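The values are calculated or read from the model by the stated rules, or taken from the named source; none is laboratory data. All of these numbers come straight from a predicted model, not from anything done at the bench. Reconstructed Cβ throughout: ideal geometry from the backbone, glycine too, with neighbour counts over all protein chains shown.
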Amino acid sequence: MASLKELKGRINSVKSTQKITKAKQMVAAAKLRKAQAAAEAARPYAARLATVMGSIASKITVSESSPKLLAGTGNDQIHLLVVANSDKGLAGAFNSNIVKAALVAARRLRAEGKTVLFYLVGRKGRAVIRREYPKDILAMFDTTEVREPGYTEAEKIAAELVTLYEAGKFDVAHLFYSKFRSALVQEPTEQQIIPVPAPKVAETAAGSAAVEYEPDEEEILAALLPRYLKTQLFGALLENMASEQGASMTAMDNATRNAGDLIGKLTIQYNRSRQAAITTELIEIIAGAEAL
Amino acid sequence: MALHFELVTPARLVRSDDVYMVVVPGTEGEFGVLEGHAPFMSTVRDGTLRVYKAEGSQPEEIQVQGGFAEVGENGLTVLAEHVD
């Protein structure tokens, strides 16, 4: 049985842990609102770009001469898995879910006889992937210096990916991130980003008939593809950020509640032992008095 | 008689108004868009977008970097990577 002093110490330490988790929970809630707003603000651009992509892609038949980003390298031997994680922990299973999804895909591709490489964004998840595939990490992108990954980061990542792609380092790229459903539900998602999957064509019957292009369709498409890639990466980063905050909020809420339960239990134990000590003392005094 | 003009960046919707005319710095030369312009699409070079609120008024200048301009039934949409 722990002594009174020990129990008191434990109660205090759990209390201070609870304070931290509570603070983190509130911070996450505030950041979640911001991240959600950012994700919402990015939607118009993505939607319009997809429409433009769709209408151009529908006019061009994919052939040998099409930009590589759309047509592919003609191979699908080397697969690059782009895994987007966060830099900070304290977000429950957020990062490990993404990594798990990536590892499952890696195993599946390996079983099909493909070569699998990794491109890691964010600090978390590096250790796990490095342990399983120590030699297959092609590159890492560090986001620790920026507070919130934004469009500049998406641009850099996209540029790096395109360079690697053009250097023939990989044939197909998949992106792994966590889609934000709600504060409670985040879905690890896999998405092919290179070659760019042609978006579904939303045909606007009247308008698309006589669109004039300047310069011609192919050149516009060539300029559009890297931009489309950037937008998709940017969208994924935003979704990831919202998911991270959501996951963090839920995890910290649970932690706060658990700490509360633990404090309750420890307090009962503390009071019991205090009462037991008093009773023992009383018995000793009474016994002593009777003996006289 | 107004042209619906939207300026969108990846981070947000910067402008969405009805204006008289917009002059866009296209890669193959500047072009002005008025209401009723034929469907048109062009890449945009880094430069100044000039927005005329009304006929003959002083233009409002917006610096844009890289992107697209699309003229459709719903007016002019400029997708720019950066806006100052």
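Applying the selection to segment A:244-262, what residues are in contact with a helix residue (DSSP H, G or I) (Cβ under 6 Å, 6 or more places away or on another chain) and surrounded by fewer than 17 Cβ atoms within 10 Å (Cβ to Cβ)?
Looking only at segment A:244-262, we keep the residues that are in contact with a helix residue (DSSP H, G or I) (Cβ under 6 Å, 6 or more places away or on another chain), and these are A:244-249, A:252-253, A:255-256, A:259, A:262.
The one that is in contact with a helix residue (DSSP H, G or I) (Cβ under 6 Å, 6 or more places away or on another chain) and surrounded by fewer than 17 Cβ atoms within 10 Å (Cβ to Cβ): A:Leu262.
Against the definition (touching a Phe, Trp or Tyr at 6+ places or on another chain (Cβ under 8 Å), basic (Lys, Arg) and either surrounded by 17 or more Cβ atoms within 10 Å (Cβ to Cβ) or within 30 Å of B:Ser42 (Cβ to Cβ) (or both)), how does A:Lys59 come out, yes or no? Let's see the steps before the verdict.
Values: touching a Phe, Trp or Tyr at 6+ places or on another chain (Cβ under 8 Å): no; basic (Lys, Arg): yes; either surrounded by 17 or more Cβ atoms within 10 Å (Cβ to Cβ) or within 30 Å of B:Ser42 (Cβ to Cβ) (or both): yes.
No.
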Exercise. Find the residue count for segment A:48-62, including only residues that are within 12 Å of chain B (Cβ to nearest Cβ) and either touching a Leu at 6+ places or on another chain (Cβ under 8 Å) or modelled with pLDDT of 85 or more (or both).
Key: 5
Quiz item: Hey, A:Glu40 hits all of (1) part of a helix (DSSP H, G or I); (2) more than 14 Å from chain B (Cβ to nearest Cβ); (3) within 22 Å of the chain's Cα centre (by Cα) but one; which does it fall short on?
Solution: (2)
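For segment B:13-46, what are the residues that are in contact with a Ser or Thr (Cβ under 8 Å, 6 or more places away or on another chain) and within 13 Å of another protein chain (Cβ to nearest Cβ)?
Step one: list which residues in segment B:13-46 are in contact with a Ser or Thr (Cβ under 8 Å, 6 or more places away or on another chain), which gives B:20, B:24-28, B:31, B:39, B:42-45.
Within segment B:13-46, B:Val24, B:Pro25, B:Gly26, B:Thr27, B:Glu28, B:Phe31, B:Pro39, B:Ser42, B:Thr43, B:Val44, B:Arg45 qualify.
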Quiz item: Right, B:Val51: assigned to a strand (DSSP E or B), more than 29 Å from A:Gln232 (Cα to Cα) and at pLDDT 90 or above or not?
Solution: yes
Quiz item: Where in segment B:1-42 are there strands (runs of 3 or more DSSP E), lying wholly inside it, with at least 1 residues that are without any contact (Cβ under 8 Å) to a residue 60 or more places away in the chain?
Solution: B:13-19, B:21-26, B:29-33
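Step by step: first the residues of segment A:209-221, then only those that are more than 7 Å from every other protein chain (Cβ to nearest Cβ) and in contact with a helix residue (DSSP H, G or I) (Cβ under 8 Å, 6 or more places away or on another chain), then the one that is surrounded by the most Cβ atoms within 10 Å (Cβ to Cβ). Which residue is that?
A:Leu221
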Quiz item: Name the pairs whose Cβ atoms lie under 7 Å apart, with the first residue in segment A:77-91 and in contact (Cβ under 8 Å) with a residue 40 or more places away in the chain, the second in a loop (DSSP other than H, G, I, E, B) and among the aromatic types (Phe, Trp, Tyr), and 6 or more positions between them or separate chains?
Solution: A:Ile78/A:Phe170; A:His79/A:Phe170; A:Leu80/A:Phe170
Quiz item: Just checking, how many residues over segment A:140-171 are closer than 18 Å to A:Val116 by Cα, assigned to a loop (DSSP other than H, G, I, E, B) and without any contact (Cβ under 8 Å) to a residue 40 or more places away in the chain?
Solution: 1
Quiz prompt | Qualifying positions in segment B:68-84 - more than 8 Å from chain A (Cβ to nearest Cβ), without any contact (Cβ under 8 Å) to a residue 40 or more places away in the chain and either touching a Ser or Thr at 6+ places or on another chain (Cβ under 8 Å) or in a strand (DSSP E or B) (or both) | solution = B:Val71
Self-check item: Conditions (1) free of Cβ contacts under 8 Å to residues at least 24 places away in the same chain; (2) farther than 23 Å from A:Ser96 by Cα: number failed by A:Arg274
Solution: (1)
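Quick one: in segment B:1-53, which of the residues that are β-branched (Val, Ile, Thr), surrounded by fewer than 19 Cβ atoms within 10 Å (Cβ to Cβ) and over 21 Å from A:Glu218 (Cα atoms) is farthest from the chain's Cα centre (by Cα)?
First pass over segment B:1-53, keeping only residues β-branched (Val, Ile, Thr): B:8-9, B:14, B:19, B:22-24, B:27, B:33, B:43-44, B:48, B:51.
Okay, now just the ones that are also surrounded by fewer than 19 Cβ atoms within 10 Å (Cβ to Cβ), so B:14, B:23, B:27, B:48.
Now drop any that are not over 21 Å from A:Glu218 (Cα atoms), which leaves B:14, B:23, B:48.
Working: B:Val14: 11, B:Val23: 6, B:Thr48: 10 Å.
The qualifying residue farthest from the chain's Cα centre (by Cα) is B:Val14.
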Exercise. Please state which of the following conditions A:Leu175 fails to meet, knowing it meets all the rest: (1) at pLDDT below 90; (2) within 23 Å of A:Ala47 (Cβ to Cβ).
Key: (1)
Self-check item: Filter result (touching a helix residue (DSSP H, G or I) at 6+ places or on another chain (Cβ under 6 Å) and either among the small types (Gly, Ala, Ser) or at pLDDT 95 or above (or both)) within segment A:23-36
Solution: A:Ala28, A:Ala29, A:Ala35
